[in-house]
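Any read-out appearing in this document is the output of simple, stated calculations on the displayed coordinates, not a laboratory observation. Keep in mind the model is a prediction, meaning the values are calculated, not measured. Ideal geometry is used to build each Cβ from the backbone, glycine not excepted, and the neighbour counts take in all protein chains shown.
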Amino acid sequence: MLSYRHAFHAGNHADVLKHLALIEMLRYLTQKSAPLMVIDTHAGAGRYDLASRETQKLREYREGIGRIWKAQDAPAAVARYLAAARELNPSGELARYPGSPWLARRFLRSADPLRLFELHGNEANALARTFRGEKATRVVKGDGFALLKSLLPPPGRRALTLIDPSYETRQDYSAVIAALKDALKRFATGTYALWYPCLARLESRQLPGRLKRLSGNWLHATLSVRAPAADGIGMSGSGLIVFNPPWTLADALRQSLPWLTKRLAQDERAEWTLETSSENGTVKETGQDAGELPA
């Protein structure tokens, strides 16, 4: 389906989790001198005007980055995420939001290749305008699931792949699993970050377990801001599964998730989880801290 546009959801609580983790991964992976390729299979428009008609329809950023925009006590990883977003907002007021392509280019080095796939025509055109003149960035209008295999393994044998489709259809769930299974077969040592929404539908609830069976080296984090709706409609939170994660990512999330849960909570059921695999099995941490709920 081509109806989905991320502008309707830009800057929401799911973006906070996803983009904070992306920055932390890039900071670690760019420490080595060898080139790093970043692949974004569902790139969106790259950056978003929060005054646009699309964003103003739901204004989800108000319950996401808007809640923490002026925070002075943020953990280090959250502070880095906010500092990056503020680069797009030199006036100090929250007016624009950086998507994952913009953040990737910001934290990559000038020669590191960035490959962006987007199927929606309007989004792909906006993405191309955002990165016009960027020699190391290539924008392709097309299906990221199908095109990912053409880039693996990358020439430099180092890559971070971000996969976050809309999950508008059941086919997206099976496509995610098939794409990751194929990617790990082609390039087993790459880092793969898969975002998914926490929904009542069976496919969403089963997805983490099905993904974990693909590899023995993964990290799984979730951030839920409220209890699931009684009617089963709507996203109560989101999750991120990272295969071959940088070793520093777990600690950054361990420090950030309790703070974010407290500040982004919409009811007393807000909670976070952090699960990591190891040779001795898995370790799962969880916390629930609704903090001071909004009036």
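Need one number: % antiparallel among DSSP beta bridges in region 1-160, to the nearest 5. Around 25 percent of the beta bridges assigned by DSSP in region 1-160 are antiparallel ones. For region 83-140, averaging the sequence separation of C-alpha pairs within contact (under 8 Å, six or more residues apart) and dividing by the residue count gives a relative contact order of 29 percent.
For the chain, compute Rh as the Kirkwood radius over C-alpha pairs and then the Stokes-Einstein diffusion coefficient at 20 °C and 1.002 mPa s; write the answer in µm²/s, rounded to an integer.
Working: Rh = 19.2 Å.
Calculated translational D: 112 µm²/s.
Here region 6-287 is assigned +1 on the Cβ of each Lys and Arg and -1 on the Cβ of each Asp and Glu. Its dipole about the Cα centre then comes out at about 680 debye. For region 137-290, the pair-distance distribution built from all alpha carbon pairs, in bins 5 Å wide starting at 0, is 2, 8, 17, 19, 19, 16, 11, 5, 2, 0 percent. In terms of packing, defined here as the mean over residues of other Cβ atoms within 10 angstrom, the peptides 106-115, 38-47 line up highest first as 38-47, 106-115. When both region 156-182 and region 191-241 are represented by their alpha-carbon centers, they are found 14 Å apart.
Relative contact order, percent, of region 1-106 when contacts are C-alpha pairs under 8 Å separated by at least 6 residues? Intermediate values should be presented prior to the final figure.
Working: 113 pairs, mean separation 47.0, N = 106.
Relative contact order of region 1-106: 44 percent.
Annotation: the antiparallel percentage among DSSP beta bridges lying fully within the chain is about 65. Using the average count of surrounding beta-carbon atoms within 10 Å as a protection proxy, the listed peptides 129-136, 172-179 rank, highest first, as 172-179, 129-136. For the pair region 15-41 and region 43-81, the centres of their Cα atoms are 19 angstrom apart. Across the chain, C-alpha contacts under 8 Å between residues 6 or more apart give a mean separation that, scaled by the residue count, equals a relative contact order of 19 percent.
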